[in-house]
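Undergrad: Below is the structure I would like to discuss, written out as structure tokens.
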Amino acid sequence: MLLSYLYYGFYKVLLLIPAIHNYAAFIATLLFYSLFDHPHIFQTFSRTHADPIEFQRRKGFYTVGVLGIIAAGYCIQVQHWEMQFEAFMNIYGIWHILRQNSGFLKLYKKRAAEKIRLDTFLDFGFLYASVVLLLAFRVTDSLHHPLEWLPRMAFPQDIFLKIFWAFVVIYAFRQLFLLTRGRSHYPKLIFMIAIISTYYFTYITSDPPFGLLVAIETIYHDVQYQGWISHFQKRRFGGTVWRKWFVTSLIYGALFGSLLVLTLTSPIGKWLLSPFLMLVLFHYFIDARIWRFSKNPELKALYS
């Protein structure tokens, strides 16, 4: 999560350089996609297509399904729905990371053997409500690059922040109560503070364009994923195969970045870029399914 703050700092440094001030957001977004986001997207294929057990489990989806997803990308371009699709993918990306953080929260609660329903409701309610409320404030606030396609609100946008702070007060009082009873689980509490503060910083304090905001909010996930997938590759394939996957993922990211730059000068760029963008959608969808230990028993042996 520290990486989110550091990358925002990098963006602010770019803004201080007169020669590239007007291109700072594009440069920061380009580097994010090339060095972090698309390399981690490519790594998904080591699980979906290179792992024979998983590939046989969903063979149809990994062949015909993937081709269908890529074809849908060209349909989106023909219909000129690129702006709507970009907005959808930004929201889907935020949801993707939120689900991962929810999974981490479950692990913390399981480790602490927490079974009180009230705390489960407060923990997950606070996590999900924070993202929804802070994001709602960000995309409707006129000072923070509002999304033009959103309908105008009939009530003050700061109501989202007021509800958020009400959640903070309620959650804080509950944690103080547990602390006085010696029942507070510090690792879970530290995790919640770290993740909620990162969301608050990203959506409320920082001021980049929305696309770069999503990059800043999700960049730590990309690094975590590289670590997770390299561990999988070492256990599943052995040897130094993980290094080959890592290097190839960086080449894949560089290729995407090159095509993104090409879109600035040639109309063919967006047609070449489309499959890469649709594979991000593929990753968001399938990644929520391929790492479930309860439904993928071969993973238990690899991560035990």
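Throughout, read-outs are computed from the coordinates displayed, never taken from laboratory work. Bear in mind the structure is a predicted one, so any value in this text is a computation, not a measurement. Note that each Cβ is placed from the backbone with ideal geometry, even for glycine, and that neighbours are counted across all protein chains shown.
Undergrad: Hey, can you rank 191-204, 37-50 by average C-beta count inside 10 Å, highest first?
TA: Values: 191-204: 18.4, 37-50: 21.6.
Ranked by mean Cβ neighbours within 10 Å, highest first: 37-50, 191-204.
Undergrad: So, one more: With +1 on the Cβ of every Lys and Arg and -1 on the Cβ of every Asp and Glu, and nothing else charged, how large is the dipole of segment 1-110 about its Cα centre, in debye rounded to the nearest 20?
TA: 600 debye
Undergrad: Pull up the cross-link candidates among the aspartates and glutamates for K295, meaning alpha carbon to alpha carbon under 19 Å and not fewer than 8 places away within one chain.
TA: Within the straight-line cut-off, K295 pairs with D51, E54, D287.
Undergrad: Tally Lys and Arg at +1 and Asp and Glu at -1 over the other residues with C-beta under 13 Å from the C-beta of L122: what net charge comes out?
TA: Counting the neighbours of L122, the net charge comes to +1.
Undergrad: Quick one: 3J(HN,Hα) in Hz for segment 49-66, Karplus 6.51/-1.76/1.60 with θ = phi - 60°, rounded, Gly and Pro as x.
TA: 10, 8, 7, x, 5, 5, 4, 5, 5, 9, 4, x, 5, 6, 10, 5, x, 5
Undergrad: Here is a follow-up. Binning at 10 angstrom from zero up to the longest distance, how are the C-alpha pair distances of segment 149-304 distributed in percent?
TA: Answer for segment 149-304: a P(r) of 8, 21, 28, 26, 14, 3, 0 percent.
Undergrad: Summing Lys, Arg as +1 and Asp, Glu as -1, what charge do residues with Cβ under 13 Å from the Cβ of I216 carry, I216 excluded?
TA: Here the count lands on -2.
Undergrad: Averaged over every viewing direction, what's the projected area of the C-alpha convex hull for the chain? Give it in nm², one decimal, please.
TA: So the Cα hull casts an average projection of 18.4 nm².
Undergrad: Now, a different point. If you take the Cα atoms of segment 1-137, find Rg, then find the Kirkwood Rh from the mean of 1/r over all pairs, what is Rg/Rh? Don't skip to the end; give the middle numbers.
TA: Values: Rg = 19.8 Å, Rh = 18.9 Å.
When Rh is taken as the Kirkwood radius, the ratio is 1.04.
Undergrad: Through the Karplus equation 6.51 cos²θ - 1.76 cosθ + 1.60, θ set to phi - 60°, convert the phi angles of segment 164-178 into ³J(HN,Hα) values in whole Hz; use x for Gly and Pro.
TA: For segment 164-178, the Karplus-derived couplings read 4, 5, 5, 4, 4, 5, 4, 5, 5, 5, 5, 5, 5, 4, 5 Hz, x marking Gly and Pro.
Undergrad: Based solely on its DSSP helices, what 222 nm [θ] is calculated for the chain when runs of n ≥ 4 H residues each add -39,500 (n - 2.57) and the sum is averaged over all residues, nearest 500 deg cm²/dmol?
TA: The helix contribution divided over the chain gives -24000 deg cm²/dmol.
Undergrad: Quick one: divide the alpha-carbon radius of gyration of segment 222-304 by 2.2 N^0.38 Å and tell me what you get.
TA: It is 1.37.
Undergrad: When Lys and Arg each count +1 and Asp and Glu each count -1, what net charge do the other residues less than 9 Å away from E54, Cβ to Cβ, add up to?
TA: Around E54, the surrounding residues sum to +1.
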